[in-house]
Structure formats: structure tokens, C-alpha cells
Amino acid sequence: MNMRLIKQFILLIFFLLMSSCSFYSLKGTIPAHIKNICISPIINKSMDQEVVDFLDDKLNQLILDQNILEIVNYDNADSKLDITVIEVLDIPYTISQGDQFEKVDEWKFLIKTNVVWSDFQKGEILFNINVSEWGIYGDSIDISNDGIDNDGDGFIDSNDSDEIGAPRDTAKLIAINKIADKISTKIISTW
């Protein structure tokens, strides 16, 4: 009889654990009182307005698609996300010796940002982080046949779904996508 009681107890514990896990969602890690977010217009300290526009679009879409928080206007917000694009750079990445001068074979498109997420209800800053990301491009006409791992994921050219189009433009989009992913991941993992 004791054995039967132990088995029922174990079964009950197992059932409770499994049912509590079934209610887990990404929103479970965000503070319970924060139901929505206001994304402020991105401040641009760079000379590249396109980066700001693309980052704003990508981040809004990612937050909506992942159902992280409802995006609302400032007056109705529980929290606010402020992003500043600090710098956008094209940096020589690989250099080779030409006939008379060194030649840049690959460029790193680098975006540096500062991201602050504020809790309006508690008057606290939930995080204040710097996020920098990059994409690599060469001098080919199409990034899909440049032989470069443009985003550092271990895949190149036709084996990589995001290596399509003009090299610098694609490197820019790769960097923007990485930044948006890091920001959404940081929001989810804050608590």
C-alpha cells in the first residue's frame, strides 16, 4: 500500500510539473506589470538615414511577429525603448597586396547603437546596453556569389538564404537584422 501511495505521489508531482511548463511563454520572463512598449523614434548620430529607417521597421516587425509586447503610443505605454545609432562604419576587413598598393578585398559594415529600455510604472531603467553588429561584403556585383560568409553563420552564397543582392546593401541588412534580434532577445531575457 505504501508503494501505491508513493507511485501516486510521483505521478501527481510529474503532472504538476508538466502542466506548469505548458503555460510557459516568452512573455513569462518580462516583468508582469509590463504589457506593452513604446518604441521612440530612433536617434541618428550617423550619416546613414537608411540604417535608422530599416532598423525601426525590422525591430517593430520582430516585436510584433514574436508577440513579445504590444506596441503602443507614448501616452499608453508601460515601458519605452530608446535607440540611438551612434556610428555606421565601412572598415577594411581583409587586405591584399596589389601591384603597387594594398587593396581592400572585404569590408566590414559596422553599426554601433545604444539601447535603453525604461519601466514607466516603477521609474527604472531595465537595461542600458551598447549593441554593435556587422556584415561583411566584397567587391563583387552580387553578394550571392562572392565566396564570403557575410554574416558569420558558417554558410556562404547559395547555402545562405540572406546573401542576396548588392553587397553593401545586404551587409547593411545583415547588421540591422542582428541588432534587432539582439534587442528583442535582451527584452525577453531581462527578468
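Look at residue 120 and say whether it is touching a residue at least 12 places away in the same chain (Cβ under 8 Å), open to solvent by 30 Å² or more (accessible area, probe 1.4 Å) and not basic (Lys, Arg). The answer is yes for residue 120. Candidates in segment 66-113 are the residues that are touching a helix residue (DSSP H, G or I) at 6+ places or on another chain (Cβ under 8 Å) and under 26 Å from residue 33 (Cα atoms); of these, the one that is surrounded by the fewest Cβ atoms within 10 Å (Cβ to Cβ) is 67. Restricting attention to segment 133-148, the residues that are touching a residue at least 40 places away in the same chain (Cβ under 8 Å) and open to solvent by 50 Å² or more (accessible area, probe 1.4 Å) add up to 1.
From the list 111, 83, 68, 91, the lone residue that is at pLDDT below 90 and within 22 Å of the chain's Cα centre (by Cα) is 68. Of the residues 25, 46, the single one that is within 30 Å of residue 173 (Cβ to Cβ) and at pLDDT below 65 is 25.
The values are calculated or read from the model by the stated rules, or taken from the named source; none is laboratory data. Only a predicted model underlies this, so the values are computations on that prediction, with no experimental measurement involved. Here the Cβ is made from the backbone with ideal geometry for all residues, glycine too, and neighbour counts use every protein chain on show. What goes into the accessible areas is simple: the full protein's heavy atoms, side chains included, and nothing from ligands, DNA or RNA. Shrake-Rupley method; radii C 1.70, N 1.55, O 1.52, S 1.80 Å.
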